[in-house]
Amino acid sequence: MTAQPEHVLVVGAGLGGLRTVEQLRAAGYQGRISLAGAEVHPPYDRPPLSKQLLTGDWTAERVVLRTEDGLDELGVRTHLGLRAVALRPGEVELSDGASLYADAIVVATGLVARTLPGQPAQVHTLRTLDDALALRTDLEKAASALVVGAGFIGAEVASAARGRGVDVTVLEAAAAPAERALGAEVAAVAARLFAEAGVDLRTGVSITGFTDPGEAGVAVELAGGEQVRGDLGVVGIGGRPDLDWLADTGVDTTAGLPCTATGRVEGLDGVWAVGDVASWTDREGRRHRHEHWTSAGDQAAVVARDILGAELPPPAVPYFWSDQFGLKIQLIGRPELADSVVPLHGSGFDGGPVRGTVAGYLAGDRLVAVAGFGAARFIARYRPLVAEGADRAALEHTRAALS
Ligand SMILES: Cc1cc2nc3c(=O)[nH]c(=O)nc-3n(C[C@H](O)[C@H](O)[C@H](O)COP(=O)(O)OP(=O)(O)OC[C@H]3O[C@@H](n4cnc5c(N)ncnc54)[C@H](O)[C@@H]3O)c2cc1C
């Protein structure tokens, strides 16, 4: 083991920040840890914000990952409600003017929701607990909702709204929902979920701007002049890394924080990054940023051990899920590396039920990802094949065995 730091400062008190603190303690670190977070809330979980919290099945208390007492048990000094505004070697300046000094700094500041030009204040985005509570309050009163963006968050909002009996229109610029994440063929299967749930999904549309909705609500104009309105509006068009506070460091953060394969930020000594902001280097030397719940935890385990000079855990396979319209979409691996998609199970590609449909993504002869719709049993069985980059023959062998 190398010399351990005296003080580790984690900036960002969300999932990745909390998991880093937990992993440091789990690895036996007994030195000082501080956790600074822009929100006043103790660390909470984001996936339920667009699912159980929005449907009303969960209260806000249930999304908390660690209460203040739980943080005390970890022996971490918290600075909540304070935003980091500048990073200098060994020093982070907070929004109250105070500076924290540490010999290891971990950046886990997540994303900020993107907005549309001219977006009125009453139009929702969904990234934080406060965003979700405000949206839920409006959903309780709405008869119709206008959702811009059919990515995972837009789809989950549409799903929760339909569950409440709200009429939903979803406007999407691409040809199918979550097309960037799933690829065109699999995204076309996902599109059927919207239709079957009674959502008015309009793809390939271009919004020219927000217009006057009349007495209340939200309205947009589409290229071609048509106006579409809802009693409430939600813009779910993704997020951008929350890294404006690093502007003076000289590091190019436009695609996230460039990191080594163990999360060390390139060009900033003594600084690591985890979670949605972090663009880690993979085995082939390519950089990739995952906006996945499991990746934040996996990276925290690596970073904690790298800081302490301890043995690293084995590489993890990226995993993402989304709950929409009564079923779980799961994705393991890296579909963006694929050049072809093959149906593995179910008949969703042939117009049959979406539930039970599973697809494999291949780069040449190698399996790089698998996606499933309500098919958890299969996903678990394909995980090792994705991890090892199985060839077509091994894939066919497993497919036949599971069929
Ligand atoms: C509504 C929603 C639903 C999701 N559903 C799923 C899902 O179903 N499946 C899945 O795999 N993933 C899902 N995700 C993604 C997953 O939650 C994220 O990948 C994960 O939270 C990333 O953790 P993080 O620590 O990088 O960022 P976050 O959890 O966002 O935490 C970052 C924290 O840093 C704080 N911060 C920002 N700037 C500063 C600053 N300058 N100083 C101090 N603090 C700062 C923020 O306020 C925030 O609290 C969802 C995300 C959202 C928003």
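Each value in this text was obtained by applying a stated rule to the coordinates, not by laboratory testing. Remember, it's a predicted structure, so these values are computed and weren't measured experimentally. Because the Cβ atoms are built from the backbone with ideal geometry, glycine has one as well, and the counts that use them run over all protein chains shown.
A few notes on this one:
- In region 316-357, the C-alpha radius of gyration followed by the widest Cα-Cα span (Dmax) gives 11.9, 34 angstrom.
- If the chain linking Ser340 and Glu226 were pulled fully straight, counting 0.36 nm for each residue of separation and taking away their Cα-Cα distance, it would gain 37.4 nm.
- Cβ-based charge dipole, the chain, positive-most Cα from His41, Ala394, Gly14: Ala394
- Using the rule -39500 (n - 2.57) for each DSSP H run of four or more residues, divided by the residues of the chain, the 222 nm mean residue ellipticity is -7500 deg cm²/dmol.
- Dipole moment magnitude, nearest 20 debye, region 245-367 about Cα centre, only Lys, Arg, Asp, Glu C-beta charged: 320 debye
- For region 113-122, putting each phi into the Karplus relation 6.51 cos²θ - 1.76 cosθ + 1.60 with θ = phi - 60° gives couplings of 5, 6, 10, 8, x, x, 5, x, 4, 7 Hz, in residue order, rounded to whole numbers and with x for Gly and Pro.
- For region 230-282, the relative contact order comes to 30 percent (Cα pairs under 8 Å, sequence separation of at least 6).
- Gaussian network model of the chain, Cα within-10 Å springs - most flexible of Arg392, Arg229, Arg83: Arg392
- Placing a label point 7 Å from the Cα of Arg286 along the Cα-to-Cβ direction, the residues of region 349-385 whose backbone N falls under 15 Å of that point are 361-370.
- The label-point distance for Lys328 and Arg164, in a model that sets each label 7 Å from Cα toward Cβ, rounds to 2.5 nm.
- Using the Cβ-Cβ distance between Ser99 and Glu61 with R0 = 22 Å, the FRET efficiency computed as 1/(1 + (r/R0)^6) comes to roughly 0.05.
- Spin-label model distance (nm) - Ala121 vs Thr254, 7 Å beyond Cα toward Cβ: 3.3 nm
- FRET efficiency, 1/(1 + (r/R0)^6) with R0 51 Å, evaluated for Ala400 and Arg114 via beta carbons: 0.70
- The local environment of Val168, defined by Cβ-Cβ distances under 9 Å, has a net charge of -1 under the rule Lys, Arg +1 and Asp, Glu -1.
- Using Cβ point charges alone (K and R +1, D and E -1), the dipole size of the chain about the Cα centre works out to roughly 940 debye.
- Rounded to the nearest 20 debye, dipole of region 1-143 from Cβ charges on Lys, Arg, Asp, Glu: 400 debye
- Over all Cα atoms in the chain, the spread is summed up by Rg and Dmax: 22.0, 66 Å.
- Relative contact order computed over the chain (Cα-Cα under 8 Å; 6+ residues apart), in percent: 15 percent
- Dipole of region 272-403 computed with +1 at Lys/Arg Cβ and -1 at Asp/Glu Cβ about the Cα centre; of Ala296, Val341, Ala359, farthest Cα towards the positive end is Ala359.
- Charge-dipole axis of the chain as Lys and Arg at +1 and Asp and Glu at -1 on Cβ define it, positive-most pick from Val76, Cys259, Ser159: Ser159
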